[in-house]
Amino acid sequence: MRKFNVVVNGKSYSVDVEEVGGDTSSAPIVEKASAPAAPAPTVQKTGTGTPIKSPMPGLILSLAHKDGDTVNKNEKILVLEAMKMENDINAVESGVITYAVKKGDNVETGTVLAYIG
């Protein structure tokens, strides 16, 4: 039984692999690689007002407004790509928007995307 660390989509997994059959004396020796450093978390801006949170993990494709713009309830505020689909994220109320993310950010479920106050 050999133990390996495998990184898939940025997440590290420890796996045990059982060798079956064959002569293992000529198997190549692989040096253990150190685990990659975790990516630095995205620094979010804070704001006042009602937070708009991400309903799913994904990639911010575009912002529909600039900080300080006035938005109306149910108006698109950004586009979030998740599982190869583009999802419009809409304002839950009318007010002035302050974004907590920028185009190109990867976000998790529950990440604050913007504040409307």
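Annotations for the structure displayed:
- If you go through the stretch 63-94 and keep only what is touching a Gly at 6+ places or on another chain (Cβ under 8 Å), crowded, with 17+ Cβ neighbours inside 10 Å and closer than 16 Å to residue 47 by Cα, you end up with just 71.
- Test: residue in the stretch 48-55 that is farther than 12 Å from residue 113 by Cα and touching a residue at least 24 places away in the same chain (Cβ under 8 Å): yes
- Residue in the stretch 85-99 that is closer than 20 Å to residue 9 by Cα, under 12 Å from the mean Cα position of the chain (by Cα) and part of a strand (DSSP E or B) present: no
- Total residues in the stretch 100-117, condition under 18 Å from residue 57 (Cβ atoms) and part of a loop (DSSP other than H, G, I, E, B): 10
Just so you know, all these numbers are worked out from the coordinates, no wet-lab data involved. If you're wondering where the values come from, they're calculated on a predicted model, not measured in any experiment. When we count neighbours, we look across all protein chains shown, and the Cβ atoms used for this are built from the backbone with ideal geometry, even at glycine.
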